[in-house]
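Structure, as structure tokens:
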Amino acid sequence: MPELVVGPLLRYVDETSASVWVETSEPCEVVVEAGGTQSRALTFTVHGHHYAIVDVGAEGAYEVRLGGRTVWPLPDQPPSRIRLLGPGGPKRVMFGSCRTSVPHDTMHVISHGVDVLRAYGCSMMDMPEERWPDMLLLLGDQVYADEPSAEMLEFIRNRRHDEPQNEIADFEEYAELYRLAWTDPEIRWLLSTVPSAMIFDDHDLRDDWNTSASWRERMAEIPWWPRRVISGLGAYWVYQHLGNMSPRERAGDELLSKLCAAEGDGGGILDTFAEHVYEVPADNRWSYSRDLGDTRLIMLDSRCARQLAPGDRRMIDPAEWEWFAEQVGKGGVERFVIGTSVPFLLPAGIHHVQNWNETLAQGAWGKTAARWSEALRQALDLEHWAAFRRSFEDMSRLLAGTGRPVIVLSGDVHYSYVAKADKLPIYQLVCSPIRNPLSRTLRLANIIAQFGVATVIGRLLALLAGIPKPPFKWRIVHGPWFSNAVATLSLDTAPLTARWDTAGSEITEITRVELQRQ
């Protein structure tokens with residue numbers, strides 16, 4: 001009999017339908033029943049794993065059946081619920097990034113802190129439904145392919161002894177990595193109940209992924225890397241990206257059509273796709289946009305879409321930029337919420353240091369300085385929007401010219417903060433990590449380096465390198481906070497508000513911020 005391996009995950013939801021994603025133990029028909037209506041889909045198979053996504057046109061409590069047998073909800077848990085969006089879109093959008101999948105015993109709570117997303121799931125089970133978040137945005141590092149847990153390492157060592165010994169190698173290991181990340185009962189229930197949208201960051205593939213052309217050249221020389229990156233992008237498409245698409249988008253998706261039509265295993269079809277989009281990223285778009293009432297949500301791929309040619313570095317390539325500018329240029333909404341895994345507005349000092357580093361790495365002070373600057377870039381993760389100055393300036397001018405509020409949501413840096421543009425309704429909200437805190441030593445080092453030393457020397461270095469001032473000024477108005485956290489953006493208040501929560505024995509508010517228009 002088929003079993004439920006991962007899921008159900010409640011993914012794309014709009015005013016008329018909801019999409020439920022599952023992984024099963026064998027090929028089967030998946031039936032989701034909600035509101036007295038049954039919806040069904042057949043699984044497709046890749047690399048020996050079986051998946052389906054079912055579009056449901058009803059709301060309320062739901063059940064999942066495989067082979068005629070009810071496999072969800074789990075015993076002793078509340079029923080999962082589908083809540084379709086109203087015409088005004090979501091009221092509360094939760095977001096965060098950087099979540100490691102380690103156990104929840106005392107030892108791991110000491111080393112990694114409390115898993116705030118899991119704690120929030122526990123809290124939601126006893127919370128009135130009207131207080132639930134309406135959407136969850138996961139902004140990168142949903143899994144750590146380069147830093148597996150002890151349980152994941154045991155799985156790897158029980159099946160192989162070749163390189164990479166301490167990292168994920170192929171699709172089978174990615175499938176186990178996602179299973180470990182998403183099958184804690186409380187996490188599983190939350191993901192089955194709160195609609196989610198996702199975008200990757202580097203650790204979903206590997207630390208520093210696409211930092212520079214030099215990084216790609218170095219990785220291309222490693223024998224196991226091609227299999228890893230093909231598996232990572234293929235797994236991302238199955239586990240994360242598939243649910244980002246609307247039913248209409250999936251109906252027109254060429255890859256999904258081929259997988260569903262394949263006789264037998266479609267692993268080769270998926271691998272061919274993943275290899276091509278890594279080598280020619282402009283031929284695919286991971287970014288996506290959704291209108292949610294008066295809000296346009298734009299989730300930007302700021303990893304795979306990078307253009308890394310020396311002298312013409314861009315955070316997103318020209319084709320993706322044209323698409324993004326079109327989304328921002330269209331009317332019909334009051335505000336933009338932009339998800340990008342790496343922060344757009346950093347503390348000003350480190351922003352200038354990244355500008356300076358990029359300029360030197362491209363040869364402004366000679367070949368020796370360029371080599372040292374490239375090494376520094378990779379060692380210190382100098383790879384945010386500031387490290388792609390052309391794209392930063394293009395983005396700044398585009399957002400400043402909208403005349404509407406813009407809220408940029410990001411993670412990556414392992415601390416949380418709020419930045420505000422001077423005299424413009426542009427906010428940067430950062431929430432990181434959900435569960436992967438910096439040590440006390442690294443917290444202090446970050447405060448000194450990014451909010452102290454860099455503030456003093458950053459602009460001076462930029463001036464010495466001949467770098468012009470940014471299109472507008474900004475400053476950190478709240479933070480930094482280093483606790484594990486999730487944040488919630490409330491879109492139904494005037495002014496809009498954002499709240500950061502952490503967890504110990506219960507969910508605790510860190511701070512609440514009003515987002516003024518000026």
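How do the pairs read when you match residues in the range 384-401 that are at negative phi with residues anywhere that are surrounded by fewer than 16 Cβ atoms within 10 Å (Cβ to Cβ) and assigned to a helix (DSSP H, G or I), using Cβ under 9 Å and keeping only pairs 6 or more apart or on different chains?
If the second residue must be surrounded by fewer than 16 Cβ atoms within 10 Å (Cβ to Cβ) and assigned to a helix (DSSP H, G or I), the pairs left are D394/A325; L398/A325; L398/G329.
Got a sec? Which of S396, S490, S391 is under 30 Å from T508 (Cα atoms) and small (G, A, S)?
None of the others qualify; the one that does is S490.
Report yes if some residue within the range 504-517 is over 25 Å from L398 (Cα atoms), open to solvent by 40 Å² or more (accessible area, probe 1.4 Å), touching a Phe, Trp or Tyr at 6+ places or on another chain (Cβ under 6 Å) and among the basic types (K, R); otherwise report no.
no
Look through the range 375-388, keep the residues that are part of a helix (DSSP H, G or I) and surrounded by 22 or more Cβ atoms within 10 Å (Cβ to Cβ), and return whichever of them is nearest to the chain's Cα centre (by Cα).
Here the residue is W385.
Quick check on my filter: what residues within the range 208-242 are among the hydroxyl-bearing types (S, T, Y) and either touching a strand residue (DSSP E or B) at 6+ places or on another chain (Cβ under 7 Å) or surrounded by fewer than 18 Cβ atoms within 10 Å (Cβ to Cβ) (or both)?
Across the range 208-242, the qualifying residue is only S214.
Would you check which residues across the range 98-123 are in contact with a strand residue (DSSP E or B) (Cβ under 7 Å, 6 or more places away or on another chain) and of a type outside the set (F, W, Y) and list them?
R99, T100, H112, G113, V114, D115, V116, L117, A119, S123
Restricting attention to the range 164-185, which residues are of a type in the set (G, A, S) and within 17 Å of the chain's Cα centre (by Cα)?
Scanning the range 164-185 gives a single hit, A181.
Filter the range 422-472 for residues that are on the phi > 0 side of the Ramachandran plot and buried (at least 22 other Cβ atoms within 10 Å of the Cβ) and give the result.
Selection gives nothing.
Report the residue count in the range 1-16 for those that are in contact with a Gly (Cβ under 8 Å, 6 or more places away or on another chain) and either open to solvent by less than 20 Å² (accessible area, probe 1.4 Å) or not hydroxyl-bearing (S, T, Y) (or both).
5
Condition test on D265, is it touching a Ser or Thr at 6+ places or on another chain (Cβ under 6 Å) and under 19 Å from Y51 (Cα atoms)?
In short, yes.
Inside the range 389-421, can you point out the residues that are over 24 Å from L360 (Cα atoms), assigned to a helix (DSSP H, G or I) and open to solvent by 10 Å² or more (accessible area, probe 1.4 Å)?
Those that are over 24 Å from L360 (Cα atoms), assigned to a helix (DSSP H, G or I) and open to solvent by 10 Å² or more (accessible area, probe 1.4 Å): R397, L398, A400.
The values are calculated or read from the model by the stated rules, or taken from the named source; none is laboratory data. In this text, all values refer to a predicted model and were calculated from it rather than measured experimentally. When we count neighbours, we look across all protein chains shown, and the Cβ atoms used for this are built from the backbone with ideal geometry, even at glycine. Calculation scope for accessible area: heavy atoms of the full protein, side chains included, ligands and nucleic acids excluded. Shrake-Rupley method; radii C 1.70, N 1.55, O 1.52, S 1.80 Å.
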